[in-house]
Amino acid sequence: MRIQATLPPTAAPVPAQSLAAGMAALFGGTGRIDDVIRQFRERFESEHVFLVSSGKAALALILQALHRLSGRRKVVIPAYTCYSVPSAVLKAGLEVVPCDVDPTTLDFRPDRFAQVLDEQALCVLSTHLFGLPADLDCARALCDAQGAFLVEDAAQAMGGTFKGRRLGTVGDVAFFSLGRGKNLSCGGGGVILTASKDIGAAIGAAYDGLESESVAAAVRNLAELTATSICIHPSLYWLPAGLPFLGLGETRFYTDFPIRKMGEARAATLMNWPDRLRAANRSRIEQAEALIQELRRTAPGVVVKSAPGAVYLRLPVLVQENAAKQAVLAEAAAMGLGISQGYPGTMWEIPELQGRLPERDDEGAREVVERLVTLPTHGFVSPEHRRKICRLIGQISAAAGRRRAGDPTAGQGSSSSRAASSL
Ligand SMILES: *Cc1c(COP(=O)(O)O)cnc(C)c1O
């Protein structure tokens, strides 16, 4: 364990006031769920809002409801995304159909999209990864042509927009995550939104039959939330970061997660969420824009994603090759800079999905696994951190550029970087 100031990869601190409200609600609080639902309905102009135990629980409920409405079973998801997504599809008893992604947009490749989407597709899960809005016009056109639903995975994008419309309100139905490290957190939770009467009724029927979280779970969550709010500070983050059993930043696949209604205590900690979200997103956008500007100077070779309406939960950056990615991650870890690797594999590389997927097609997603690093954008990132991060990426990518210029096979792109990573 390294005892030094360490930036966490993401941070959505919960104010002490909100923690106190959560504790007060443990002792006979009521009405918090209804208050929070009302706020979401107003802000997102969605008639039907449900608060549940996690983003993956939200997704599983959405998929089960859509399946009851249409009878179809195939769920089209990005070939590069959070492992909770395919786990929720299996939990709902449905089929995972990954579609390859474009490394420069992290969104579906339009040419592959048309191939995987047929009249058996239940829905497409357009994903606003790292808070970057997906192309919902393209997804909508293809969904309409095949009679599939458009679902927005806005787990990382609460508060963002697509062509001026709020993310989470453009698809037929959407969900947000309130988990650790998301735009807004109450320790764990999910929000389902839909303006559709039929979808709202189908989800409502299932929701009414769910149990609420137990008092023990509510107490545990408040304790964890309090501990995280303290340890998320860079002067202390080395502590949880150095404790492997906490599994921070790990990506795991599991389908044995509970599907419950959110409890009153959790909802109470969301008090003032619109202000918290606005402040956190404003600061993330400022950090990301400053990083983008600095990287244009220090590391002109790296591809930096930027898009209007993005809320940048983290800033994704594609370095030239896997060797450069590994060098950036190793140096950044030693310096405590909060740079993280993204997801460890494509959907075809998840052991639990072996034998359940169609023929492998993940060239773009592989490229992302090879080359993507994500930079922290939260409020603890100082101008000094930004300078160090950009200088580090600049130095390593300049070295990678020189290596590639002197290397006769350097122009081969993904095949040469794939070879590097399999060494
Ligand atoms: C976090 C996340 C989820 C799942 O949300 P949980 O609240 O962690 O269950 C789904 N999709 C994406 C893209 C996510 O980042």
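The values are calculated or read from the model by the stated rules, or taken from the named source; none is laboratory data. All of these numbers come straight from a predicted model, not from anything done at the bench. Methodologically, a virtual Cβ is constructed for each residue, glycine included, from the backbone with ideal geometry; neighbour enumeration extends over all protein chains shown. The area values use the complete protein model at the heavy-atom level, side chains included, leaving out ligands, DNA and RNA. Shrake-Rupley method; radii C 1.70, N 1.55, O 1.52, S 1.80 Å.
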Next item on the list: Enumerate the whole-percent occupancy of each 10 Å bin, from 0 to the last occupied one, for all C-alpha pair distances of the range 70-122.
Entry: 27, 50, 22, 1
Notebook entry, point to check: Just how far, in whole angstrom, is the range 1-55 from the range 79-128 if you go by their alpha carbon centroids?
Noted result: 28
Notebook entry, point to check: Given Cα pairs under 8 Å that are at least 6 residues apart, what percent is the relative contact order of the chain?
Noted result: 24
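Near residue 32, within a Cβ-to-Cβ distance under 10 Å, what is the net charge of the other residues, with Lys and Arg +1 and Asp and Glu -1?
Net charge in that neighbourhood comes out at -2.
Taking 22 Å as R0, compute the FRET efficiency from the Cβ-Cβ separation of residue 39 and residue 165 and round it to 0.05. Kindly include the intermediate steps, with their values, before the conclusion.
Numbers: r = 19 Å, r/R0 = 0.86.
Rounded to the nearest 0.05, the efficiency is 0.70.
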Checklist line | Local net charge near residue 105, Cβ-Cβ under 9 Å (Lys/Arg +1, Asp/Glu -1) | finding: -1
Check: By average Cβ neighbour count within 10 Å, what is the ranking of 297-310, 350-363 from highest down?
Finding: 297-310, 350-363
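Within the accessible area of the range 259-389, what % is carbon and sulfur when the probe is 1.4 Å and the other protein chains stay in place?
48
Please report the carbon-and-sulfur percent of the accessible area for the range 105-175; probe 1.4 Å, protein heavy atoms only, DNA, RNA and ligands left out.
The C+S portion of the solvent-accessible surface of the range 105-175 is 47 percent.
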Next item on the list: Using only the Cα atoms of the range 1-140, build the gyration tensor, take square roots of its eigenvalues as a ≥ b ≥ c, and label the shape rounded, prolate or oblate: rounded if a/c is under 1.5, else prolate if a/b is larger than b/c, else oblate.
Entry: oblate
Notebook entry, point to check: Is the shape of the range 240-367 rounded, prolate or oblate, going by the alpha carbon gyration tensor and its root eigenvalues a ≥ b ≥ c, with a/c under 1.5 for rounded and a/b larger than b/c for prolate?
Noted result: oblate
Item checked: Low-density loop cleavage sites - GluC sites (Glu not before Pro) in the range 179-232, where at most 13 other Cβ are within 10 Å (DSSP) -> 211
Checklist line | Within the chain, percent of DSSP bridges classed antiparallel, to nearest 5 | finding: 55
Item checked: Extension gain from residue 137 to residue 215, taking 0.36 nm per residue of separation minus the Cα-Cα distance -> 23.8 nm
Margin query: Just to verify a number: what accessible area does residue 48 come out at with the full protein assembly present, 1.4 Å probe, Å² rounded to tens?
Written below: 50
Item checked: Convex hull of the chain built on C-alpha atoms - directionally averaged projected area, nm² -> 19.5
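Take peptides 150-159, 33-42, 90-99 and line them up by average Cβ neighbours within 10 Å, highest first, as a rough protection proxy.
Taking the mean over residues of other Cβ atoms within 10 Å, the ranking is 150-159, 90-99, 33-42.
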Notebook entry, point to check: Taking a threshold of 28 Å on the Cα-Cα distance, which of the pairs 56/388; 163/261; 325/388 fall above it?
Noted result: 56/388; 163/261
Next item on the list: Quickly work out the residue 119-to-residue 290 label distance, labels modelled 7 Å from Cα along the C-beta direction, and quote it in nm with one decimal.
Entry: 5.6
Note to self: Let's test the formula: R0 of 30 Å, r as the Cβ-Cβ distance of residue 145 and residue 333. What FRET efficiency results, to the nearest 0.05?
What the structure shows: 0.05
Check: Name the residues of the range 10-53 whose amide N is less than 14 Å from a point 7 angstrom out from the Cα of residue 278 along the C-beta direction?
Finding: 43-44
Next item on the list: Keeping all protein chains in place, calculate the accessible area per residue for the chain (probe 1.4 angstrom), answer in Å².
Entry: 41
